[in-house]
Amino acid sequence: MEAEGKPFGEGESALLLDDKGRRYLIHLRADGSFQYHRGTLGHSEIIGRPEGTRFASSKGAPLIGIRPRLADYVLKMRRGPQVMYPKDLGPVLMYADIHPGLTVIEAGTGSGAATLALTRAVGSTGRVISCEVREDHAAIGRATIRRFFGSIPDWLDLRVGDVREVVSEVTHDRLILDMPEPWQVIPEAVNTLRPGGMVAGYVPSVPQVAQIHSYLKSESRFVDIETFEVLIRTWHIEGRSIRPDHGMVGHTGFVTTARCISPA
C-alpha cells in the first residue's frame, strides 16, 4: 500500500469519515457504491480524487475520504478468525524488535492482521513466512493481505501447513506464535533461531501463559523472558469537559517475549 500522496485508485481501500466521527472502510470499484443510513456515494466519485477530499452523500451528508491506517484496516476489515488487535500489534513489533531485513516466521496467518504488520515492518529487504494450518483461514488471510497491499508482496511467503516443519528447516531471526499451543514449536525453534533472535507468543489465557513460560525456561537458550498485557482507554475531550471514555479496550491477550542465546 504505497499510494501516499496519489489520487485514490480503483482496487484500493478508502476510509470515509462522517461528521459524527464514524469510520467506514470501503474497497473501491468503478461500479461500486457506498450505502449507509444517510444516503449513498458512488465509488466513481472518489476514484481519481486526492486523499482528504470532502464529499456529500445523496442526502447531502458530509463525508471525508482518507486512506486507512493499518490500525483502521485491521479494525474494520472483513475477517474470519480472530485477529491480533492494533493495541497488541504495536507492542509486539516493538518488544520483539521487528525491523527491516529480518527473516520472520509467523504461526497463525488467520485473518492476516499480524501478517500485514510484520510484512510492512521487515520491508522488501526482509522475509516473512506465515503458516496457517487451516486452508479456509489461509484463504481469508490471503484475500485480506491482497486487498491491503494490492497484491501479495514478493517478500511474503504464505504457506498452509504445520509451522514446525518450516521452523525446523529455515534459519530465522524472529518467531511470532499466535496459536493455541505455542510451546509445541519451541523445541524446533532452538535449532534454527539465530543467537540474539527473539520469540514472541500471543495467547489469551493465564494457563497458556504458564505453559509457554515453563517451556521457555526449560530450554537453557532462552533468557530475558517477560509477559505483559496492554490496556487502552480513550478520552472524551470537548471544551472543558475532559474525562475518560466510559468504555475501554481491556484484556485481549498476553504477549510473552524471550531472547535466544548461543549454546553453552
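So the values come out like this:
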| item | result |
| --- | --- |
| Filtered residue count, the stretch 144-164, keeping only those that are out of contact with any Leu (no Cβ under 8 Å at 6 or more places or on another chain) and without any contact (Cβ under 8 Å) to a residue 24 or more places away in the chain | 2 |
| Failed condition for residue 134, given (1) of a type in the set (D, E, K, R); (2) farther than 30 Å from residue 43 by Cα; (3) touching a strand residue (DSSP E or B) at 6+ places or on another chain (Cβ under 7 Å) | (3) |
| Selection within the stretch 21-37 - in a strand (DSSP E or B) and either among the hydrophobic types (A, V, I, L, M, F, W, C) or under 29 Å from residue 234 (Cβ atoms) (or both) | 23, 24, 25, 26, 27, 34, 35, 36 |
| Count of the stretch 246-264 residues which are among the hydrophobic types (A, V, I, L, M, F, W, C) and at pLDDT below 90 | 3 |
| Residue within the stretch 46-68 that is under 23 Å from residue 151 (Cα atoms), touching a residue at least 40 places away in the same chain (Cβ under 8 Å), in a strand (DSSP E or B) and open to solvent by less than 50 Å² (accessible area, probe 1.4 Å) present | yes |
| Every residue from the stretch 148-196 that is part of a strand (DSSP E or B) and within 23 Å of residue 217 (Cα to Cα) | 172, 173, 174, 175, 176, 177, 193, 194, 195, 196 |
| Restricting the stretch 234-264 to residues that are hydrophobic (A, V, I, L, M, F, W, C) and surrounded by fewer than 18 Cβ atoms within 10 Å (Cβ to Cβ), the residue that is nearest to the chain's Cα centre (by Cα) | 249 |
| Considering residues of the stretch 183-227 that are farther than 20 Å from residue 163 by Cβ, out of contact with any strand residue (DSSP E or B) (no Cβ under 6 Å at 6 or more places or on another chain) and of a type in the set (A, V, I, L, M, F, W, C) only, the residue most open to solvent (accessible area, probe 1.4 Å) | 206 |
| From the options 177, 193, residue that is touching a Cys at 6+ places or on another chain (Cβ under 6 Å) and under 24 Å from residue 121 (Cα atoms) | 193 |
| Among residues of the stretch 95-149, those that are closer than 20 Å to residue 182 by Cα and open to solvent by 60 Å² or more (accessible area, probe 1.4 Å), counted | 5 |
| Residue check, residue 223 over 23 Å from the mean Cα position of the chain (by Cα) and touching a residue at least 24 places away in the same chain (Cβ under 8 Å) | yes |
| Conditions (1) closer than 16 Å to residue 147 by Cβ; (2) of a type in the set (D, E, K, R); (3) surrounded by 13 or more Cβ atoms within 10 Å (Cβ to Cβ): number failed by residue 18 | (1) |
| Residue list for the stretch 69-94, filter: out of contact with any Lys or Arg (no Cβ under 9 Å at 6 or more places or on another chain), surrounded by 15 or more Cβ atoms within 10 Å (Cβ to Cβ) and either part of a loop (DSSP other than H, G, I, E, B) or among the basic types (Lys, Arg) (or both) | 79, 80, 83, 84, 85, 87 |
| Members of the stretch 225-259 found to be farther than 27 Å from residue 83 by Cβ and in a strand (DSSP E or B), listed by number | 237, 238, 241, 242, 243 |
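Conditions tested, residue by residue: (1) small (Gly, Ala, Ser); (2) touching a Pro at 6+ places or on another chain (Cβ under 9 Å); (3) more than 29 Å from residue 17 (Cα to Cα).
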position	(1), (2), (3)
81	no, no, no
88	no, no, no
92	no, no, no
112	yes, no, no
134	no, yes, yes
149	no, no, no
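The values are calculated or read from the model by the stated rules, or taken from the named source; none is laboratory data. This one's a predicted model, so the numbers in the text were calculated from it and none came from an experiment. Backbone-built Cβ (ideal geometry, glycine too); neighbour counts: all protein chains shown. What goes into the accessible areas is simple: the full protein's heavy atoms, side chains included, and nothing from ligands, DNA or RNA. Shrake-Rupley method; radii C 1.70, N 1.55, O 1.52, S 1.80 Å.
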